[in-house]
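Throughout, read-outs are computed from the coordinates displayed, never taken from laboratory work. As the structure is a computational prediction, the values presented were derived from the model and not from experiment. FYI the Cβ positions are ideal-geometry reconstructions off the backbone, even for glycines, and counts take in every protein chain you see.
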Amino acid sequence: MDPYETENPFEEDTDRVQSEASSAYRVNLSAPSSPPSQSSRIPSSPSLGSASRPAFPSSGSHRQPQAYKSDFCCTRDQWLHSGEEVEIVITDALKTSVNSSSTYITYVIKSGTAEAQHRYSEFESLRTSLARLYPTLIIPPIPSKQTIGDYAVKQAKAKEDAAMIARRKRMLQTFLNRIARHPILSNEHVFHRFLDGEVSWTEVLHSPPLSLLPTNILKAPSHNPTDQNASPGYTALPNPSATHALRRPDQRFLDSEVFTNKFAAHLSGPMEKVTRRTMKRWSDSSHDHAELGAALNGFSLNESGQLSSAIEKTGQAVDATYMSTTLLLQELEQNWAEPLHEYTQFATIIKKLLVYRHQKHVQYEMTQENLEAKREQLEELEKSEHAARRLEEALGRGRTSADSPRTEDGTPSSGDNSRADTGYLPPHPGPNPVRRRAPGMGFLSALSYTLHGMMDVDPATARRNAISKAREQISLLEDALHLSAQDLKYSSSTIQADLDRFQRQKVADIREMAISMAKSHRDWCKKNLEAWEEAKREVEKIPDHPNRMLEEIVEDSGGVANGSRESTSTIDGH
Amino acid sequence: MLGEDDDVFDSVTWESPSAPTYDAGPSAPTGPGFRQSTAESEPGHGPHDPKWEGYLITSVKDPVKELADTKDAYVSYLVSAKTNLPIFSTPNPSARRRFQDFVFLRNHLSKDFPACVVPPLPDKHRLEYVTGDRFSPEFMERRRADLHRFLQRLSRHPTLQRSTLLRAFFESTEWHVTMHQHVAHPPGPEHTTGVIDSISDTLLNAFSRVRKPDERFLAMREGVDKFEEGIVLTERLWSRIRNRTNDLTGDYHDMAVAVQGLGFLESGITDPLNHFSNTLLEFSALLRHTTQTTTDPFLIHLHSLLQYSHANRAVLKLRDQKQMDFEELSDYLSGVTSERDRLAAVISGHAGSTGLGLSSYLKDRVDALRGADDDRSRVEKMRKLDAKIKELQDAVQTAHETSDAFSDETLREQTVFQYAKEAEMKEMLGNLADGQMEFYKAAMDEWDRIIPIIQRIRVDV
């Protein structure tokens, strides 16, 4: 069915988790059609749902899609998995007012031959949809909305702020490409349709699979929340809170959680803060350099000759620093600050993912607890039933003992034989024809029926009702437990696999960030160095001061021996 | 003396035509330039072109705390020079002097050479005196550099470099005696022009302006203004950049720490991230180093040059003063002369009243009313006026000569200052460029070094 299922010894585990009885119930309960609440959609789902979305549940190979994949769901799919390095590019951001009273920005997405236009809210919707379709995968982040503060400061301008749009353009493109490179997400036809742009996003939203998404994905199969044939056992699953403590937590995921928290704190704390501070400083510094460059240029105009051109060149070096710093700033923003922010967002996403898994785990434990409680209850009920039956039996025997009073003393101690003993007793017509499970039941009912006169009938009926209800619940819970175990297993392995993939991606990205930062700084140094070297050459051309050791002066000096004294004295005083 | 000079410089060929670049002289702070090497000997100096009789290369070194454990502790500096000026009795004079001696030197030079731009001394830095920090190595080094620049400026001045006081400053072994002698018998003529002083004091006030401004000096004044403006602006902007760079130093340090923290989290790439963190740290250190070794000295020099320019401006102002002296005296003289002429006209038959306007007429009337209209008093008055006119004419003559001489001197002084300014700007900008180049080169190497280390990280996505 799914690589994660085939990889993991699912079948072996179910044996461990489930009782023999539940496997039988599983067949019974999952065989009938889906719960009545969803039945109305069923006619449309098999044809549309399976045709439009063959990718997720059935496509076999996620690890190396291009190597295995032969059946493409559409041309976008084919393009994405063509085996070559494909890149989705957001070529433009256009201001339009199509289908809207106010203007908005649409982003032109080019993926191969296809071109689509989507606005920010549609990206947001795509991301939310994917997150719901794949609750166990790390869906890459999209750039966050502007803060209310931004709107307050810039008001109407905020929406058209060029820098913000450029930033969104870049980050949205990264988002799309991250999905395109994802071994599973890249196969999602919803994503392909987003790229194709042939149908409007509203249409995609209102057609399967997105229209089939349940309201609570915790109560749907982890591997495919839109599965219309999902077992009704899912409805029996509890809806635990995210903070519910686990009795037997998985150390691996505890570690993951601790690590993610640390990672998030470190990124959003020291890393992002210091980065923002540094960028602010560079930006100020570049402004200062621009000002200084202009000042030096003005300065040079007042001077003359070589000094003037030296100052001018120095000013140009400062100007060059301004230019290169602006460039450095841009590169730092794009290749350091933005990925850093993305990873801060990733950390939040992973936290949510771990919460999902945690909830799934809690579901499993709670179901288990419930089941145990129910079983205990049933045992309790059966015990009292048994006791009651024995009592009745005793009473009945008391009645028969009237015929044969010899055996009266032996029966209370040998209750085990009762079933065998009662087997041949004449059955009474059952007062409760619904229950026809055990052959002994009839007799039991008969006894109770006969006891009717001396005992109140209601406790017995209630007890029997309770027993049957408990059994029903147990069977449902057993089923739910099985499903929950399956889901937990699937979630754990899928999340773990995606975390591993994410970790590799992260290391690759950090590597790229560091390299690009180093290169940006190196280029910055190089440009400035060249500018200053040029300035230095010009400064060197300024004539030296006459007061210096020159050979001819050394030789001449004897001649002016006494004249100097006089020349000073003439200017002494006024 | 000459022989020694030859010994010292024999091995160096300053004038080798094939290598017109600056040669690292054995001990020359201002090495010979590669283009101006023959400029000095060129004829065709204008009347106001300064002429250097020889060279004087000075240095201030080795600050030492004297009388260390007493309350009279002070710092002495080794001042030394290399020179071929005939006024010096040795080509390598040297002495130890304290700050007070520099103060004395400056004060008396500016008194003796009012037309010369005597460079200013560094501030006394009262705060350091109060806190006792004036013996800290940083303070002593900074002051040493300031004093070095002061002496360098003096020695670059064609007139001041040959002053007896400066010679004594370098050579005298009995500096205190010299100081006393100098105070007792200042060189040059005494201030005997009492008439001018008394008259000009009564006539001049701070707000009076030169009536016939000299185009040359106006241009000069404007040039100085703009130069100072440029310096002030540059200083302000550059210190802002300096502060930003300082902040960046901290930022990169913090970033290094943050990256190191990331390295701790990412156990797989701890090592390369540590390297990267070190690079950030190194970059931060380089920024700080540049600030300390390039930007700060540059700013200090810039400020010092501004003060030097203030001294120059003061001389220009003084020249205006001299011109005003002359102009006011001339006015006064013409006033007195016309008064005498009027009196003479009155004496010779009251003919002048009509020609001399209403005010003179009124004056006559008033004089008549006071009963001072007898000819005797008029003649007496005229004699007095004649004497005054005579005196004034002399004074005007002197003032005129002074003003002209001062103007000439100022013109020459401006050229001298221009030379000094250019030389200092060259040194300043050159050092700045050197420092920047050193920084960028080192930083570039550092970033270049780290790139392959990061690239070695192996990841399969």
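Give the calculated FRET efficiency between A:ASN261 and A:HIS287 to the nearest 0.05, with a Förster radius of 25 Å applied to their Cβ-Cβ distance.
The pair A:ASN261/A:HIS287 has a calculated efficiency of 0.05.
Expected output is a single nm value to one decimal: the length gained when fully extending between B:ARG378 and B:ALA145, i.e. 0.36 nm times separation in residues minus the C-alpha distance. What is it?
77.0 nm
So how far apart, in nm, are the two label points at B:PHE264 and A:ARG463 if each is 7 Å from Cα heading toward Cβ?
6.5 nm
Can you order the peptides A:109-116, A:470-477 by their average number of other Cβ atoms within 10 Å per residue, highest first?
A:470-477, A:109-116
If you place +1 on the Cβ of every Lys and Arg, -1 on the Cβ of every Asp and Glu, and leave all else neutral, what size is the dipole of segment B:238-285 about its Cα centre, to the nearest 20 Debye?
It comes to approximately 320 debye.
For an R0 of 22 angstrom, estimate the FRET efficiency from the Cβ-Cβ distance between B:VAL257 and A:LYS280 and round to the nearest 0.05.
Rounded to the nearest 0.05, the efficiency is 0.75.
Per 0.36 nm of contour for each residue apart, how much would the distance between A:VAL355 and A:GLU382 grow if the chain were fully extended, relative to their Cα-Cα spacing?
Between A:VAL355 and A:GLU382, full extension yields an extra 5.8 nm.
At what distance in nm do the modelled label points of B:GLN455 and B:VAL64 sit from each other, each positioned 7 Å from its Cα along Cα→Cβ?
5.7 nm
Using 0.36 nm per residue of separation minus the Cα-Cα distance, give me the extension gain between B:SER94 and B:GLU391 in nm, one decimal.
Full extension of this stretch gives 102.0 nm more.
Do any of A:LYS273/A:LYS536; B:LYS212/B:LYS388; A:LYS95/A:LYS519 go past 27 Å between their Cα atoms, and which?
A:LYS273/A:LYS536; A:LYS95/A:LYS519
Give the calculated FRET efficiency between B:ASP445 and A:GLN330 to the nearest 0.05, with a Förster radius of 25 Å applied to their Cβ-Cβ distance.
Computed FRET efficiency for B:ASP445 and A:GLN330 comes out at 0.55.
Modelled label-to-label distance, B:ASN243 and B:LEU318, 7 Å Cα→beta-carbon offset: nm?
3.7 nm
Give me the inter-chain shielding for A:332-340: mean count of other chain Cβ atoms within 10 Å, whole number please.
0
Determine which lysines satisfy two conditions relative to B:LYS384: a Cα distance under 20 Å, and not lying fewer than 8 residues away in the same chain.
Straight-line reach from B:LYS384, under 20 Å: B:LYS363.
Which pairs, out of A:LYS110/A:LYS352; A:LYS145/A:LYS169; B:LYS226/B:LYS317; A:LYS313/A:LYS526; B:LYS111/B:LYS390, put more than 19 Å between their alpha-carbon atoms?
Beyond 19 Å between Cα atoms: A:LYS110/A:LYS352; B:LYS111/B:LYS390.
Mind checking the dipole of segment B:282-348: about its Cα centre, +1 per Lys or Arg Cβ, -1 per Asp or Glu Cβ, Debye to the nearest 20?
120 debye
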